[in-house]
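A quick write-up on the structure given underneath.
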Amino acid sequence: MKKLVTAADRLLHFLVGLDIRIKIIGLAVGSVMLLGTVTILYMYSTTSRHFDEELAFQGASIAEDLVEEVITPLLTGDVFSVHQILNATLQSNPTVHYAFIEDGLGNVLYHTFGDVFPAGLAAANSITLDSQTQIKILATDNGSVWDVATPIFYGQAGVVRIGVGDEQKKALLSDT
């Protein structure tokens, strides 16, 4: 504690002994640096929030388009076409990590995970019959994923779920 007080006294004594022009320049440079830092942090925060909104909008749009594409083969029982549409969605949208369809009771009918469906994913974002598109951010080993749940016929015919990753957001923000 005594060393800290001594160091503070020496620093204060040094600063008091400086020429007035040096003090003014120091205040100006310090003010500019502080203002610049605050501006950069504000812009980063604003840009990050904007990207989050864009990811949510993009995910909702993709999920709604997927509902439109999959509804006929789903209702007619065309399993092959449903799988093709889900896989085509993943291939045409690089930010989409997964897609799956649940029935009206929450049971997974179709998915793009191969043999093993991740435990707990189906329950991570459940919607009610009168719900509209619902988005939840899930923390994964690969970063955040916007899990988008969009009902089919108000949830009576099931729910389309997709996961939109934030890799592009991270890449863009790290470049700024």
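Of all residues in the range 73-86, those that are in contact (Cβ under 8 Å) with a residue 24 or more places away in the chain and open to solvent by 40 Å² or more (accessible area, probe 1.4 Å) total 3. Being under 28 Å from MET43 (Cβ atoms), at pLDDT 90 or above, of a type in the set (D, E, K, R) and open to solvent by 40 Å² or more (accessible area, probe 1.4 Å) is a property that LYS170 lacks. State whether the residues of the range 34-45 include one that is at pLDDT 90 or above and closer than 11 Å to ARG161 by Cα. No, the conditions are met nowhere in the range 34-45. Here VAL70 passes the criteria (1) touching a helix residue (DSSP H, G or I) at 6+ places or on another chain (Cβ under 6 Å); (2) exposed (fewer than 10 other Cβ atoms within 10 Å of the Cβ) except the one numbered (2).
Please find, among LEU34, LEU41, LEU66, the residue that is more than 27 Å from the chain's Cα centre (by Cα) and at negative phi. Every option except LEU34 fails the conditions. Taking each residue of the range 37-50 that is β-branched (Val, Ile, Thr) and looking for partners that are outside any helix (DSSP H, G or I) and at pLDDT below 85 with beta-carbon atoms closer than 7 Å, six or more apart or interchain, yields THR47/THR176. The strands (runs of 3 or more DSSP E) found entirely in the range 87-157 that carry 2 or more residues being crowded, with 17+ Cβ neighbours inside 10 Å and either aliphatic (A, V, I, L, M) or in contact with a Leu (Cβ under 8 Å, 6 or more places away or on another chain) (or both) are 96-102, 108-111, 143-152.
Number of residues in the range 1-56 that are among the small types (Gly, Ala, Ser) and either open to solvent by 100 Å² or more (accessible area, probe 1.4 Å) or under 30 Å from TRP146 (Cα atoms) (or both): the value is 3. The test for being within 13 Å of GLY163 (Cα to Cα) and not aromatic (Phe, Trp, Tyr) holds for HIS97.
The values are calculated or read from the model by the stated rules, or taken from the named source; none is laboratory data. Because the structure is a prediction, the values reported are computed rather than measured. Reconstructed Cβ throughout: ideal geometry from the backbone, glycine too, with neighbour counts over all protein chains shown. The protein model used for the area step is the full one, side chains on, heavy atoms only, and it has no ligands, DNA or RNA in it. Shrake-Rupley method; radii C 1.70, N 1.55, O 1.52, S 1.80 Å.
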